[in-house]
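The values are calculated or read from the model by the stated rules, or taken from the named source; none is laboratory data. The model shown is predicted, which means the values in this text are computed figures rather than measured ones. Quick reminder, even Gly has a Cβ in these numbers, built from the backbone with ideal geometry, and neighbours come from all protein chains shown. Heads up: the accessible areas ignore ligands, DNA and RNA and are worked out on the full protein's heavy atoms, side chains in. Shrake-Rupley method; radii C 1.70, N 1.55, O 1.52, S 1.80 Å.
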Amino acid sequence: MKTLRYSLPIFLLIATLFGATACNNNEDQNENDEEEKLVIPVEVSNVSRGDISAYYANTATLDAEQEATVVSKVRGIINEIYVEEGDEVKAGQVIAKIEDEQYRIEAARAKATLDRLQNEFRRNRELFEKNLIAAETFQNSQYEYESQKAAYDLAQLNLEHTSIKSPIGGVVSERFVKRGNMIGTDQQIFRVTDFSPLQAILYVPEHEMAKIRKDQPAELRVDALPNQIFAGHVERISPVVDSQTGTFKVTVFVDETKNLLRPGMFGRVKIVYDTRKNTRMIPKSAIMSEDLAQTVYVIRDSLAFKKQIQTGYTNGLNVEVIDGLEDGETVVTIGQSSLQDSSKVNIINL
């Protein structure tokens, strides 16, 4: 009985020690599991160098620099139409014909009268030089001749105007009449549009005036052709600011239309006013803004460290880094929201 009394406490002590050891092993295992769970997957990118530009962006509707509405200078019936919408024409090309019989007769009558008066004028001049007629008679014949010459020139001009010509080169963008229509003076016949150059008119806020200069390069994208970029330049800058809108007018010429652009298309214009060569850049997605400060996570030895940076120009998906990063450093681009300083990471895109 005495032996049993001493053996029982010893047994309880051993059981207690064994249980405590088992608990410690479980706690260590849980800590290891938690450490494994704290490895955060991220995507990264390296600090690179390249050219980056600053630009002013705005939207505008494309317009033709040269466009003319062709009108009739005489009245009559449309006898022939030589071009249709979409046809290219040259400056001075005959594009329609008005019935000209009446104008030919009027010109012939004016020519006959002119010939008669010219003969009378020559005869009276000879007589006047010989002092055989009065000066008044000679002057009257001269005035009649000159008046008839002007009438003849006008008849010839009206006859020429029966051939309707395009005042500019371009493309027939609209036709307003049909063959056989009776038209009057100054009635619209065609609209001719010159597609080169096309222009975009921008109204730029006055605080941008110091940045915009003539001949600066520009880029244009249109909604109808989202994958195309068209080059242009600043052609004109208005020297005055509209006091009501606080803007000034900038005209951008599109240098290369690739025969794809048309007046009336809606476009987005970028005017490049500065370019920095071979500067440090990182993806825009790597930057976090906190309390007016900009930070990134930099990866070293599978650990993420937060760094504050100073940025410059932004162009598309890239941002210029002025200070805070060195060439070749690796920054986190996806997964920053789950990170803390010195967090362990697993890079999944390398």
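Brief remarks follow.
- Considering 312, 328, the condition of being touching a residue at least 40 places away in the same chain (Cβ under 8 Å) and in a strand (DSSP E or B) is satisfied by 312 alone.
- Enumeration of residues in the stretch 149-188 that are closer than 16 Å to residue 91 by Cβ and among the β-branched types (Val, Ile, Thr): 164, 168, 171, 172
- Of residues in the stretch 138-168 being more than 12 Å from residue 104 (Cα to Cα) and among the β-branched types (Val, Ile, Thr), the one least open to solvent (accessible area, probe 1.4 Å): 164
- Tally of residues being out of contact with any Gly (no Cβ under 7 Å at 6 or more places or on another chain) and part of a strand (DSSP E or B) across the stretch 37-57: 12
- Residue 304 falls short on exactly one of the conditions (1) surrounded by 16 or more Cβ atoms within 10 Å (Cβ to Cβ); (2) closer than 30 Å to residue 227 by Cα; (3) of a type in the set (Gly, Ala, Ser), and that condition is (2).
- When restricted to residues that are assigned to a strand (DSSP E or B) and touching a residue at least 40 places away in the same chain (Cβ under 8 Å), the stretch 187-230 contains 24.
- Taking each residue of the stretch 242-254 that is over 11 Å from residue 205 (Cβ atoms) and in contact (Cβ under 8 Å) with a residue 60 or more places away in the chain and looking for partners that are surrounded by 12 or more Cβ atoms within 10 Å (Cβ to Cβ) and of a type in the set (S, T, N, Q) with beta-carbon atoms closer than 8 Å, six or more apart or interchain, yields 252/199; 253/199; 254/199.
- Filter result (in contact (Cβ under 8 Å) with a residue 24 or more places away in the chain and within 12 Å of residue 69 (Cβ to Cβ)) within the stretch 171-183: 172, 173, 174, 175
- Residue in the stretch 162-169 that is over 22 Å from residue 62 (Cβ atoms) and touching a helix residue (DSSP H, G or I) at 6+ places or on another chain (Cβ under 8 Å) present: yes
- Options 96, 60; residue that is part of a strand (DSSP E or B), closer than 19 Å to residue 177 by Cβ and either modelled with pLDDT under 95 or under 39 Å from the mean Cα position of the chain (by Cα) (or both): 96
- The stretch 329-338: number of residues that are modelled with pLDDT of 90 or more and farther than 13 Å from residue 283 by Cα: 1
- Only one of the listed residues (295, 257) is surrounded by 12 or more Cβ atoms within 10 Å (Cβ to Cβ) and farther than 30 Å from residue 224 by Cβ. That residue is 295.
- Complete set of residues in the stretch 316-325 that are open to solvent by 50 Å² or more (accessible area, probe 1.4 Å) and either in a strand (DSSP E or B) or hydroxyl-bearing (Ser, Thr, Tyr) (or both): 318, 322, 323
- Yes/no for residue 251 being part of a strand (DSSP E or B), under 22 Å from the mean Cα position of the chain (by Cα) and at pLDDT 95 or above: yes
- Every residue from the stretch 100-116 that is in a helix (DSSP H, G or I), touching a residue at least 24 places away in the same chain (Cβ under 8 Å) and open to solvent by less than 60 Å² (accessible area, probe 1.4 Å): 103, 107, 110, 113, 114
- Only listed residue being open to solvent by 60 Å² or more (accessible area, probe 1.4 Å) and not in a helix (DSSP H, G or I), chosen from 79, 119: 79
- Subset tally (residues that are assigned to a loop (DSSP other than H, G, I, E, B), in contact (Cβ under 8 Å) with a residue 24 or more places away in the chain and surrounded by fewer than 18 Cβ atoms within 10 Å (Cβ to Cβ)) for the stretch 260-292: 4
- Residue 202 meets all of the listed conditions (1) under 13 Å from the mean Cα position of the chain (by Cα); (2) closer than 20 Å to residue 68 by Cβ; (3) surrounded by 18 or more Cβ atoms within 10 Å (Cβ to Cβ) but one, namely (2).
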